[in-house]
Amino acid sequence: MGWRLADMHCHLDLMSNAREVAAEAEGLGLAILACSVTPEGYLRAREELKDAPNVRLAVGAHPWWVADGRMTDADVALAARLASREGFVGEIGMDLSPAHVDLGSEARQLASLERVCAAAASGPGPDGRPRVLSIHSVRCVGTVLDVLERTRALERCACVFHWFSGTSDELHRAVKAGCWFSVNEMMLATRRGREYARQLPEGRLLTETDLPPTEGKSFSAANIAASLERTLDQLEGIRGRDVREACAANATELLGLS
């Protein structure tokens, strides 16, 4: 089946009706990279969505959960073990905004990211393809890129910056390093985000939603598709050409979908 749309960063594990959303998405021609926030969430979603042909599941160690202690050292160790076995890893990264950093949490976030990235870069995914990493990086893109370099994830994995918000110099460094970028409506709501979206290489451009906005409630794949369509419409206006085909092809390549 050809995939018309692709959400390269959403959280089916936070939706109470994930199975129904996945089935509805398949009917809409929508492929999904379902990022989890904890390894336990990943394992639950893996069981629930194991028969969804349009969904790829990613092992998560979200920096917010690491920063505030909801993810313990044992959880990080589990995420790393899973990252060394599975094909997709995310949401991982760091967040040094005031709401998510306090005494000691920066070090915890850094150690978690380093451990998971090293595991992901230890070899190819189970299908022989490079692992795909979906990366959160707020006020710390340089540090995150350093970790990706140090662990060799940059050369061995497909590193996707989700909702990029770094500096222009950091964007240039990430582009030069061969990273991918998933763009959503919230990113395009800012002047800087729109300018970055204009500059991104078409061959590394992806779409995402980062939905749902609220944990534990039911959701609709139609809402996901509508958000992606709005993003694609905005990208066409920003870049002066339709990028739907390119974004779908890029996602299909990373997700290993035919």
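All of the numbers you see were taken from the coordinates with simple rules; none came from a lab. Just so we're clear, the structure is a prediction, and the values are computed from it rather than from any experiment. All Cβ positions, glycine included, derive from the backbone under ideal geometry; neighbour counts span all protein chains shown.
Residue under question is A83, and the condition is that it be buried (at least 17 other Cβ atoms within 10 Å of the Cβ) and closer than 19 Å to V160 by Cβ; does it hold?
Yes.
Assess whether L133 counts as being under 19 Å from A83 (Cα atoms) and surrounded by 21 or more Cβ atoms within 10 Å (Cβ to Cβ).
yes
For residues that are over 16 Å from G203 (Cβ atoms), buried (at least 19 other Cβ atoms within 10 Å of the Cβ) and out of contact with any helix residue (DSSP H, G or I) (no Cβ under 6 Å at 6 or more places or on another chain), tally how many sit in region 150-163.
Count: 1.
Select from region 144-165 the residues that are over 18 Å from the mean Cα position of the chain (by Cα) and either closer than 24 Å to M187 by Cα or not acidic (D, E) (or both) and list them in ascending order.
D146, R150, T151, R152
Scanning for something out of contact with any Phe, Trp or Tyr (no Cβ under 8 Å at 6 or more places or on another chain), in contact (Cβ under 8 Å) with a residue 12 or more places away in the chain and closer than 28 Å to L28 by Cβ, does region 179-188 turn up at least one residue?
Yes, region 179-188 has at least one match.
Could you count how many residues in region 26-58 are of a type in the set (K, R) and either more than 16 Å from G87 (Cα to Cα) or touching a residue at least 12 places away in the same chain (Cβ under 8 Å) (or both)? Let's see the steps before the verdict.
Keep residues of region 26-58 that are of a type in the set (K, R), which gives 44, 46, 50, 56.
Going one step further and asking which of them are either more than 16 Å from G87 (Cα to Cα) or touching a residue at least 12 places away in the same chain (Cβ under 8 Å) (or both), we end up with 44, 56.
Residues in region 26-58 being of a type in the set (K, R) and either more than 16 Å from G87 (Cα to Cα) or touching a residue at least 12 places away in the same chain (Cβ under 8 Å) (or both): 2 in total.
State whether one or more residues within region 12-25 are touching a Leu at 6+ places or on another chain (Cβ under 7 Å), surrounded by fewer than 24 Cβ atoms within 10 Å (Cβ to Cβ) and without any contact (Cβ under 8 Å) to a residue 12 or more places away in the chain.
Taking every residue of region 12-25 in turn, none turns out to be touching a Leu at 6+ places or on another chain (Cβ under 7 Å), surrounded by fewer than 24 Cβ atoms within 10 Å (Cβ to Cβ) and without any contact (Cβ under 8 Å) to a residue 12 or more places away in the chain.
Scan region 234-248 residue by residue and report those that are surrounded by 14 or more Cβ atoms within 10 Å (Cβ to Cβ) and in a helix (DSSP H, G or I).
Q234, L235, I238, R239, R244, A246, C247, A248
Are any residues in region 200-230 buried (at least 16 other Cβ atoms within 10 Å of the Cβ) and in a strand (DSSP E or B), and if so, which ones?
Here is the first cut: in region 200-230, the ones buried (at least 16 other Cβ atoms within 10 Å of the Cβ) are 200, 204-212, 219-221, 224-225, 227-228.
Within region 200-230, L205, L206, T207 qualify.
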